[in-house]
Amino acid sequence: KQEVTQIPAALSVPEGENLVLNCSFTDSAIYNLQWFRQDPGKGLTSLLLIQSSQREQTSGRLNASLDKSSGRSTLYIAASQPGDSATYLCAVSPLSEKLVFGKGTKLTVNP
Amino acid sequence: GAVVSQHPSRVICKSGTSVKIECRSLDFQATTMFWYRQFPKQSLMLMATSNEGSKATYEQGVEKDKFLINHASLTLSTLTVTSAHPEDSSFYICSARDITVGSPLHFGNGTRLTVT
């Protein structure tokens, strides 16, 4: 059974700092991995989608990497801003359309 | 970009009543939609996969007679929580994937259900 773990559960940083969020998964047989952002009481916004054949994806200040063999992904946020404060969720798709989510990392960027 | 509209965003109902939640893909077609439930500080848990024109597929432990799913068109899926109880209070989120191969899942904004 696929399990997704995100570390840390919560993170508080000063504005401007670069930071890394970690995601690990137990079964490397995945179709893709997706990072999402969730604001309080809201739905999910897809940030980056990495196919199993890819190593990384970039969008603006965000960079996500994937090491499928070791079951790890990282989300790098450069020059963090208060508006980046949210919960970041990692989810893997185990060779189907179904997503298995981690519990998320709650990020607070302090002005 | 692709938008998934979920309605209502918040609902409060009395124990024993039924509540319907709608999930619409606004600018794309989705043969498959997914329904998730999220309890506080927990992961999103897949409840069921909604397939257009056929019966939904439920995950283990999810009562299909309690959580009725209808996917009557390529742009609309509904989840009805029947005979709701306080323990059904949760955050329900739907998602849909554009039928275009390789597209990411798009999520609705969720529905906060409170059963009193």
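None of the figures in this text is laboratory data; all of them are computed from the coordinates on show. All values derive from a computational prediction rather than experimental measurement. Note that each Cβ is placed from the backbone with ideal geometry, even for glycine, and that neighbours are counted across all protein chains shown.
Overview of values
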quantity: Dipole magnitude of chain A about its Cα centre (Cβ charges: Lys, Arg +1; Asp, Glu -1), debye to nearest 20; calculated: 200 debye
quantity: Only Lys, Arg (+1) and Asp, Glu (-1) charged, at Cβ; chain B dipole about Cα centre in debye; calculated: 240 debye
quantity: Other protein chain Cβ atoms within 10 Å, averaged over every residue that makes up B:104-113; calculated: 5
quantity: Cysteines (scope the protein assembly as shown) whose Cβ has no counterpart Cys Cβ under 4.7 Å; calculated: B:13
quantity: Per-residue ³J(HN,Hα) for the stretch B:64-70, Karplus 6.51 cos²θ - 1.76 cosθ + 1.60, θ = phi - 60°, Hz, x for Gly and Pro; calculated: 5, 7, 8, 10, 7, 10, 10
quantity: Pairwise centroid distance, computed over Cα atoms, of the stretch A:67-109 with the stretch B:1-52, Å; calculated: 21 Å
quantity: Equivalent ellipsoid, the protein assembly as shown (semi-axes from 5 times Cα gyration tensor eigenvalues, Å); calculated: 30, 20, 16
quantity: Under 17 Å between alpha carbons - lysine pairs in chain B that sit 8 or more apart or on different chains; calculated: 5
quantity: Charge dipole magnitude, Cβ of K and R +1, D and E -1 - the protein assembly as shown, Cα centre, debye nearest 20; calculated: 300 debye
